[in-house]
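Data first, discussion second: the structure below is written as structure tokens.
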Amino acid sequence: MDKFIIKGGFPLKGKLRVNGAKNATLPILAACLLTEGKSHLENVPCLTDIVTMCRVLEELGVKAERENKTVEVDSASLSCWETSYDLVKLMRASILVLGPLLARCRRARVSLPGGCNIGARPVDLHLEGLKQLGASIEVRNGYIEARVKKNLRGANIYLDVPSVGATENIMFAATLAEGTTLIKNPSRDPEVIDVANFLKKMGAHIEGEGTDIVRIDGVKELFPASHSVIPDRIEAGTLLMAAVITKGEVILEHISPNYLGIILDKLRQMGAEVDVDNYTVRVKGDDVLKPIGVKTLPYPGFSTDLQPQITTVVCLAEGTSTITETIFESRFTHIAGLKKMGAQIKREKAKVEVNGVSSFRGASVTAPDIRGGAALVLAGLAAEGMSEVKEINHVDRGYEKLEEKLSKLGARIERMRD
């Protein structure tokens, strides 16, 4: 297993292009199951989670061929409607094949998903939505078994929580259902909008994506399509925070400032200089960081996927900051590593109080999950002395060659075998 060795204390400076969004690519790959023929995807990031999803598709008989940043998916050879536990346990997004399989094959058997251990993430909303479309669903022996006798039927579906995955799975199934489906209180994440745009290129009739009601008028058939995945706002936010915590200056290209929204507002509140221009964002860290309050919320609120990183940055602010996690109750697994590096953090249930310190101390820490691992990398970049971040296989699931990107900005970081 690999690890990062980091020599801290070097301001990041330079310009980078943001990769394609993992959280858009994964559902778009699943959506390719809805049609026969070859779909062509561009701006696909090179991540282990993308590899895992392609393996899931291949297990179903689908051909998924990759060349650099492009993936061609040929679903004409779909021959199976069951996914194995061995693959699905690696990544929660594997459950996104449930809706497409049910719509196209009228049955599916999908293992309950795995992924990062950041708290309870039940699939109840997925299953309830599909049931309202007419599916018969049972959960037994660790598998979701779904069937539909004839055709799925449109329905009015209200989501108690604007779940990203549930919105996508219901949207997939509804594209080939008879009649009209309304999803009320859906996720409004940019990645969900990108998925809807891909489905519309395939011939789906969808309106209202990005609003509080999504309307899907079912069609009899979908067709292969070509699509370029939107930029990754979580990678962008992580890199911008790396600039702020090292008191550097970084320009990111190929990222819409609209995707970042409240993230940029919080960096400004901390004292960072932020400039935006079309698809470019420039951030310059200040010598003195101000404390802030952050509360994670569904989009357009502050993303839970950036909570560990902002928690790390406020550790070096002058004063006391508060971070409240409302999405995943266990998303504080990175705190132990930060404390080992000198952070002063107190946690009470879903809220942490961070008293700023003057600097981090280099230490050996372990990445607990994707975003928690990225947070510890940020701490290492700003720390005095040498740091070691172990088990970076977690980081590789969400960041493409992170060490190479940071090195281009002047970081002293290298990958080594542990």
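What follows draws every value from the coordinates through simple rules; no lab data is involved. The model shown is predicted, which means the values in this text are computed figures rather than measured ones. Don't worry about glycine lacking a Cβ; one is built from the backbone with ideal geometry, like all the others, and counts go over all protein chains shown.
In plain terms, the residue of Thr175, Thr320 with the fewest other Cβ atoms within 10 Å comes first and the most crowded comes last, giving Thr320, Thr175. Summarising the amide proton neighbourhood of Glu82: residues at separation of 5 or more, or on other chains, whose placed amide H is nearer than 5 Å comprise Arg109. Ordering Arg331, Arg268, Arg140, Arg92 from the fewest to the most neighbouring beta carbons within 10 Å gives Arg140, Arg268, Arg92, Arg331.
What number of lysine-lysine pairs in region 26-217 show an alpha-carbon separation below 19 angstrom, given a sequence spacing of 8 or more or placement on distinct chains?
7
When you restrict to C-alpha pairs under 8 Å that are six or more residues apart and normalise by the size of the chain, the relative contact order lands at 21 percent.
The Cα-based radius of gyration of the chain, divided by its Kirkwood radius, gives an Rg/Rh of 0.98. Per-peptide packing, taken as the mean over residues of other Cβ atoms within 10 Å, places 210-218, 97-105, 369-377, 32-40 in the sequence 369-377, 97-105, 32-40, 210-218 from highest down. When a/c reaches 1.5 or more, the comparison of a/b and b/c decides; with that in mind, is region 26-217 rounded, prolate or oblate per its Cα gyration tensor? Here region 26-217 falls in the rounded category. What the phi angles of region 332-349 give under the Karplus curve with 6.51, -1.76 and 1.60, with θ = phi - 60°, is a coupling list of 10, 5, 7, 4, 4, x, 5, 5, 4, 8, x, 5, 10, 10, 10, 10, 9, 6 Hz, glycine and proline written as x. When each of Ile327, Ile28, Ile392 is scored by the number of other beta-carbon atoms lying within 10 Å, the sequence from fewest to most is Ile327, Ile392, Ile28.
Hydrophobic long helices, here whole DSSP H runs in the chain with Kyte-Doolittle means of at least -0.5 and Cα atoms spread over 24 Å or more along the helix axis, are not found. Straight-line reach from Lys351: taking Cα to Cα under 24 Å and skipping same-chain neighbours fewer than 8 places apart, the lysines in range are Lys266, Lys290, Lys295, Lys339, Lys340.
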